[in-house]
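The values are calculated or read from the model by the stated rules, or taken from the named source; none is laboratory data. Treat the numbers as computed from the prediction; the structure is a model and nothing was measured. Cβ: placed from backbone, ideal geometry, glycine included. Neighbour counts: every protein chain shown. In case anyone asks, the SASA skips ligands and DNA or RNA and just uses the protein heavy atoms, side chains included. Shrake-Rupley method; radii C 1.70, N 1.55, O 1.52, S 1.80 Å.
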Amino acid sequence: MIQHILELYHQHFSYPPVLVNAPGRINLIGEHTDYNEGFVLPAAIDKSIVFALAPNHTNTCRLVAADLNDHFETTLTDLKPVNKSWANYVLGVVYQFQQHGYPVGGFDCVFGGDVPVGAGLSSSAAVECGTGYALSLAFGLNISRMDLVKMAQKAEHTFAGVQCGIMDQFASTFGKNGHVVRLDCRSLDYEYFPFDMSGYKLLLCDTKVTHALSDSEYNTRRQECESGVTTLRNWFPGIHSLRDVTSEMLASHRYDFDPVIFKRCSFVVAENERVHQTCKALNEGNLPLAGKLIYQSHEGLQHLYEVSCPELDFLVDQTRDNPFVLGARMMGGGFGGCTLNLVRTEEADRITNGLKTAYESRFGITPGIYLTAITDGVREIPVSHVEKLPGTQSNR
């Protein structure tokens with residue numbers, strides 16, 4: 001993949017580029033906690049977007065999206081969102097650099113990779129973070145990783161029109177090989193925890209469906225959580241979000257809640273607690289306990305938060321009696337996307353085939369299944385190393 005992007009760059013452009021690898025991400029546990037100022041436990045994965053980028057000494061940005069076999073060109077004056085949606089993820093980052101006073105001139109860029117689009121692995125965040133990191137390198141700006149994360153998130157808000165939390169961009173940028181990272185979505189403090197996967201793999205199973213409920217129900221859940229906080233402030237005026245609420249506080253006023261609101265709040269409070277319990281389990285090398293907590297997360301998402309769907313539930317249920325699967329849950333906003341499964345390495349092929357056959361039989365859809373590993377966040381790839389690999393040619 002790296003060789004292909006570099007060769008394609010040399011076919012289109014002449015200035016020597018920087019090479020950057022920007023990974024997708026998984027979230028081990030901690031779903032729908034981000035907008036409640038809670039905790040998440042993501043990691044960068046070995047599915048990534050590769051960038052070749054160089055200044056071209058003009059005021060023009062020239063982009064090539066390798067996977068789409070498409071290109072786009074614009075001047076950097078008065079940038080606005082365009083009708084080519086993939087280009088907005090790049091242009092939004094450039095616009096943020098401009099707004100923050102970073103001197104970015106015209107540049108040439110080719111990018112592409114193997115993060116599945118629409119599977120909930122944050123291909124958009126990988127594009128944004130890879131763009132920002134490559135621009136910082138190419139123009140010698142030395143921008144901090146946290147500032148890159150914040151600008152990448154703002155780019156998605158303003159140019160892609162998605163009001164995302166900060167977890168996706170954070171995981172793509174701050175990922176660490178062999179570790180998950182617990183992010184406090186209020187303070188942005190973070191801490192790494194070892195994820196010793198000796199003998200195990202992360203298997204992602206893409207339902208290949210997205211139900212129409214997704215956007216409207218997401219907004220509704222946010223409102224329901226805010227309603228729960230408003231109710232609890234009658235007794236606990238110091239709370240700011242569900243992050244500040246314990247299970248005991250919630251239980252003591254159970255009958256003061258609308259039943260639906262209580263279910264939503266119960267899930268978020270318990271999910272925050274599960275993040276901390278999972279970190280403790282990982283520190284102790286207790287993967288079976290982490291797997292049990294992952295299953296509990298899905299049950300809460302299914303029955304309390306009600307953001308799952310028949311396809312996701314079916315895939316999780318297929319694993320429950322399998323001794324070689326430690327845990328499985330839906331991952332992401334819900335109503336489609338992926339399940340995350342923690343499986344024994346030597347049984348991964350058998351589990352993959354079983355899930356695929358059962359899902360095709362039940363829904364008539366072939367799922368996307370990916371074995372993945374945890375890796376480092378966005379990083380530079382020395383071009384000299386790539387050009388020494390067999391089969392790599394340069395037109396310079």
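Quick look at the numbers
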| quantity | calculated |
| --- | --- |
| Protection proxy ranking of 329-335, 304-310, 228-234 - average other beta-carbon atoms within 10 Å, highest first | 329-335, 304-310, 228-234 |
| Rounded to 5, the percent of DSSP beta bridges in the chain classed as antiparallel | 90 percent |
| FRET efficiency, 1/(1 + (r/R0)^6) with R0 22 Å, evaluated for V260 and Y218 via beta carbons | 0.90 |
| Square roots of five times the Cα gyration tensor eigenvalues for the chain, Å | 37, 26, 19 |
| Mean accessible surface per residue for the chain, computed with a 1.4 Å probe while every protein chain stays in place, in Å² | 42 Å² |
| Among G354, G30, G327, residue whose mean-square fluctuation peaks in a GNM of the chain (springs only between Cα atoms under 10 Å) | G354 |
| Charge dipole (the chain, unit charges on Cβ, about Cα centre) - positive-most of L53, G327, P310 | L53 |
| Charge sum, other residues only, whose C-beta stays under 12 Å from L8's C-beta, Lys/Arg counted +1 and Asp/Glu -1 | -3 |
| Among the listed pairs K84/K154; K154/K356; K80/K150, those beyond 28 Å (Cα-Cα) | K154/K356 |
| Dipole magnitude of segment 42-115 about its Cα centre (Cβ charges: Lys, Arg +1; Asp, Glu -1), debye to nearest 20 | 180 debye |
| Rounded to the nearest 10 Å², the accessible area of R379 at probe 1.4 Å | 80 Å² |
| Anisotropy class of segment 233-343 from Cα gyration tensor, a/c 1.5 cut | oblate |
| Which of T33, T352 is most accessible, then next, and so on - probe 1.4 Å | T352, T33 |
| Förster-model FRET efficiency, 30 Å R0, Y15 and V162, C-beta, rounded to 0.05 | 0.40 |
| Estimated distance in nm for a label pair at W235 and N177, the labels positioned 7 Å out from Cα along Cα-to-Cβ | 5.0 nm |
| Dipole magnitude of segment 274-396, debye to nearest 20 (Cβ charges: Lys/Arg +1, Asp/Glu -1, about Cα centre) | 240 debye |
| Dipole-positive endmost among F262, I5, T345 within the chain (Cβ charges, Cα centre) | I5 |
| Net charge dipole size for segment 1-97 [Lys, Arg +1 and Asp, Glu -1 on Cβ; Debye, nearest 20] | 200 debye |
| Prolate/oblate/rounded label for segment 283-357 (Cα gyration tensor, a/c 1.5) | oblate |
| Rounded percent of accessible protein surface that carbon and sulfur make up, the chain, 1.4 Å probe | 48 percent |
| Estimated FRET transfer efficiency (V117, S247; beta-carbon r; R0 30 Å; 0.05) | 0.20 |
| Stokes-Einstein translational diffusion, segment 132-207 - Kirkwood Rh over all Cα pairs, 1.567 mPa s, 4 °C, in µm²/s | 90 µm²/s |
| Segment 1-105 shape via C-alpha gyration tensor axes, a/c threshold 1.5 | oblate |
| Simple spin-label estimate for E360 and M146 in nanometres, 7 Å along Cα-Cβ | 4.9 nm |
